[in-house]
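Nothing in this text is a laboratory measurement; each read-out follows from the coordinates by a stated rule. This structure is a prediction, so every number in the text was calculated from the model and none was measured. Every residue, glycine as well, gets a Cβ built from its backbone with ideal geometry; the counts of neighbours run over all protein chains shown.
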Amino acid sequence: MRARAVNWLLIAVTATAPGCAAYDQYYMETSTARAARPGEEAAFQKAVALVAELHYEEAAEELLPLAAAFEEAGDRSRAAEALFWVAFCREKQGRTDEAAAGYDRVVRRYLQTVAARQAAARLSRLRGDSSH
Amino acid sequence: MNEENEQARDPAEGLLRRWGAEEAARRAEVPDPTVPMRWIGRPPARWRWLLHAAALLFFILGASLFVAVATGWLPDRPFGAPSPSDDSAVSGLRAELKQATEDVRASRSALEAARRRVEEQNREFQAEVARLRRTFETEKADLAAEAERRAAALNKLVGQEQSLRETAVGQLKQRDARLARLGQDLAQAGRSLAELRGQVAAQAARLQEAEDGLVTVRRDAEKRISAIQAQQAAMRTSLEQTYLAATPGEDALGMYQSAVRRRRLIVRCQHLRAQVPNEATRRLLDTLEVLLTRLELMQAGGGDLTSLVRLIRTLGLTRQINEVILTGEEEPDVRAWLMETQLLLKGVERAG
């Protein structure tokens, strides 16, 4: 049942990937990016420190609005990194479905980023572990 | 005189004779059943009036006496009674008699009262006797119950004493037997002592030989340890050259990221974490995984490296890694990974 759902999810993701990529290209070309404010950067570093201190729930709560803020500011790399850390927290909390969805979102939405590469690796390991 | 006696005897003799004749005739005659028998000894008819007169006289006399007594017409004293000069004595006697009679009556009353008291006391005595008897029965029953209870307690004590005595006797027997065995063992030990001394001497000789061999083994081990230490020193130098030889600054970041990927530190961390039983070590591995991931995500030109170095120093990770390594409780793979990560973090610190 779970494998079937994953298959349907992959099919859906594959079908929507070209559209997302086109939208991403369109977004990159048309958005009016702004620089991230220093407060957001400091909050991001603090949230990552919370992850290092193993306060996963607090860190995820801090990172989710930061991801939106970075996204809004056009800093895709930081936005991808913030979402990656959210998925990382969910993985460490044992919420593997949410973690896989988060990694997958990073991979699909933020192609060509370091966070997407890391997310793909962790997603692969996560699926490999779950399939075992 | 004789004549008068004979005249007096004659009529009597005549009467006797006539009576004898009549008696003889009566006896000789056969009585006529139709004629009523005459009263024998009955006075003759001519004397009956005399009897009637006497009876009448006595009747009159009796009636007069009755009337006299009833009316009190009789004189104070009867005929032939003592004279009035004797009245005082009679009165005294009467008074004494009366007193005696009263005394007798009082005595009777006293006697009656005494009898009643005696009866009352008798009843009380009977009641007291009954009460005492009941008390006696109760006391007897109580005493019997107490005696039974004490007898039961005594029996119980006797039983306990018997049991204790039997136990003590059993223990004494066991101790005697144990003493006997100990005596035998002591004798046996005494016999074995000489044998043991011989064996000890033989063992001492063998021990000396083993010690001599051990010295040789120890020398070999020291040589091998020296070789291992040299090998480790070379390995450490190589690792330090890998992780610490970079020049400080952002240029070293790419090299450390490459080292993390090449040495697969994150993947190894995840595998090792599943094997570590210690919770503190697991938490340390989790933190180090975050830092290594953070290192991989860094991009040159940003302020991430400074932040990462600050985090390493704030959390005191190198100190924690040293503690885990020095305790030696973890598996060699874990310790090797920790050492490698520690070198990497030191390099990152230098680069920062």
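Before moving on, here are some points about what is shown:
- Karplus-derived 3J(HN,Hα), 6.51/-1.76/1.60, for each residue of the stretch B:222-234, Hz, glycine and proline x: 4, 5, 5, 5, 4, 5, 5, 5, 5, 5, 5, 4, 5
- For the stretch B:246-351, the calculated P(r), taken from all Cα-Cα distances in 10 Å bins from zero up to the bin holding the longest distance, is 14, 51, 28, 6, 0 percent.
- Under 5 Å from the amide H of A:GLY74 lie the amide H atoms of A:ARG34, each residue being 5 or more positions distant or on a separate chain, with H modelled from the backbone and absent for Pro and chain starts.
- Taking 7 Å steps out from each Cα toward its Cβ at B:LYS156 and B:ALA177 produces label points 3.3 nm apart.
- Virtual spin-label span in nm between B:ALA141 and B:LEU326, 7 Å along Cα→Cβ: 9.1 nm
- For the stretch B:282-287, Karplus couplings with θ = phi - 60° (6.51, -1.76, 1.60), whole Hz, Gly/Pro x: 4, 5, 4, 5, 4, 4
- Taken one residue at a time, the phi angles of the stretch B:158-174 give Karplus couplings (6.51, -1.76, 1.60, θ = phi - 60°) of 5, x, 4, 4, 5, 4, 4, 5, 5, 4, 4, 5, x, 5, 4, 5, 4 Hz. Gly and Pro are set to x.
- Size of the stretch A:37-131 as Cα extents on the principal axes (Å, biggest first): 42, 29, 15
- Put in order of Cβ neighbour count within 10 Å, fewest first, the listed residues B:MET235, B:MET255 become B:MET235, B:MET255.
- The relative contact order of the stretch B:246-351, computed from alpha carbon pairs under 8 Å that lie at least 6 residues apart in sequence, is 40 percent.
- Per-residue Cβ neighbour rank within 10 angstrom, fewest leading, A:LYS92, B:LYS156: B:LYS156, A:LYS92
- Placing a pseudo-label 7 Å from each Cα along the Cα-to-Cβ vector at A:LYS46 and B:ARG310 gives an inter-label distance of 1.1 nm.
- The length gained by stretching the chain between B:LYS346 and B:ARG262 to full extension, at 0.36 nm per residue less their Cα-Cα distance, is 28.5 nm.
- Cα-based reach from B:LYS173 at 28 Å (exclusive), listing lysines while leaving out same-chain residues under 8 positions away: B:LYS156
- B:SER226-B:ASP185 FRET efficiency (beta carbon distance; Förster radius 45 Å; 0.05 resolution): 0.30
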